[in-house]
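Working notes for the structure below.
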Amino acid sequence: MAVDTPEPARRLPRVQRREQILSAATEAFARSGFAATGLDDIAAEAGVTRVILYRHFDSKTDLYQAVLDRMCARLDAHVPPPEGGFTDASVDGLLDAAAESPAGFRLLFQHAQREPGFKDCIEKFRADTTAAAFQQISALVPDEGLARWAAQLAPTVAIESVIAWLDAGQPDPARAAARVRQAVMGVIGAAAALDVNKSFPRSTHTEGPAS
């Protein structure tokens, strides 16, 4: 009786294999961060052995840096340089980069920025966008302190709005950019407003929870 034997793994060209590993590593690192993710986790995600991982990357640190570099390059490709401040293209680019690689976007802005050895790319991105936002906002907000407050907050609101959009399942994609821009404009409006004696609207729902 013939015995079925598993087919050997298909050999891939080196460039394709490297991309496969980088994609798998992005997913694995985004779930747990650098410290809590082992090479065995990444090998399992990629469907390869540790031996194959080491043919392409010298260490977990080397692989993690390659994953971050790949996502930073994707961000640079989608988001135009921030000279002059936020534009519609800035938000469109953030959303495009996030939709193209949700795990990579989360990895950059939720994990890598908290890891001292790997946060250079994100720190530069945030510094550049904050400086550009200040130039833009200071033309609208005469109080320098409030302008700096808004310039620090606006990029954070944009990025967190995109992550929240990913977490919610990417709803209403056609108007997602407009909604993110509205959130950012809310920050600028708060800094520019003279009447800030505002309260949250009170809920009109008075019934208790269903029994």
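The values are calculated or read from the model by the stated rules, or taken from the named source; none is laboratory data. Source: prediction; values computed, not measured. Because the Cβ atoms are built from the backbone with ideal geometry, glycine has one as well, and the counts that use them run over all protein chains shown.
If I filter region 84-92 for residues that are farther than 29 Å from ARG181 by Cα and not in a helix (DSSP H, G or I), do I get at least one hit? Before you say what the answer is, go through the steps one by one.
Here is the first cut: in region 84-92, the residues farther than 29 Å from ARG181 by Cα are none.
Checked region 84-92: no residue is farther than 29 Å from ARG181 by Cα and not in a helix (DSSP H, G or I).
Would you confirm whether or not region 125-135 contains a residue that is more than 18 Å from PHE86 (Cβ to Cβ), surrounded by fewer than 16 Cβ atoms within 10 Å (Cβ to Cβ) and not hydroxyl-bearing (Ser, Thr, Tyr)? Steps first, please.
Going residue by residue through region 125-135, those that are more than 18 Å from PHE86 (Cβ to Cβ) are none.
No, region 125-135 contains no residue that is more than 18 Å from PHE86 (Cβ to Cβ), surrounded by fewer than 16 Cβ atoms within 10 Å (Cβ to Cβ) and not hydroxyl-bearing (Ser, Thr, Tyr).
So, of the residues in region 35-74 that are of a type in the set (Val, Ile, Thr) and outside any helix (DSSP H, G or I), which turns out to be surrounded by the fewest Cβ atoms within 10 Å (Cβ to Cβ)?
THR49
Please specify each residue of region 84-127 satisfying the condition of being within 26 Å of ASP62 (Cα to Cα), in contact with a Pro (Cβ under 9 Å, 6 or more places away or on another chain) and at pLDDT below 95.
Across region 84-127, the qualifying residues are PHE125, ARG126.
Would you be able to say whether some residue in region 162-177 is surrounded by 13 or more Cβ atoms within 10 Å (Cβ to Cβ) and of a type in the set (D, E, K, R)?
No - not one qualifying residue is present in region 162-177.
Return yes or no: is SER138 under 25 Å from SER23 (Cα atoms), hydroxyl-bearing (Ser, Thr, Tyr) and surrounded by 14 or more Cβ atoms within 10 Å (Cβ to Cβ)?
Values: under 25 Å from SER23 (Cα atoms): no; hydroxyl-bearing (Ser, Thr, Tyr): yes; surrounded by 14 or more Cβ atoms within 10 Å (Cβ to Cβ): yes.
In short, no.
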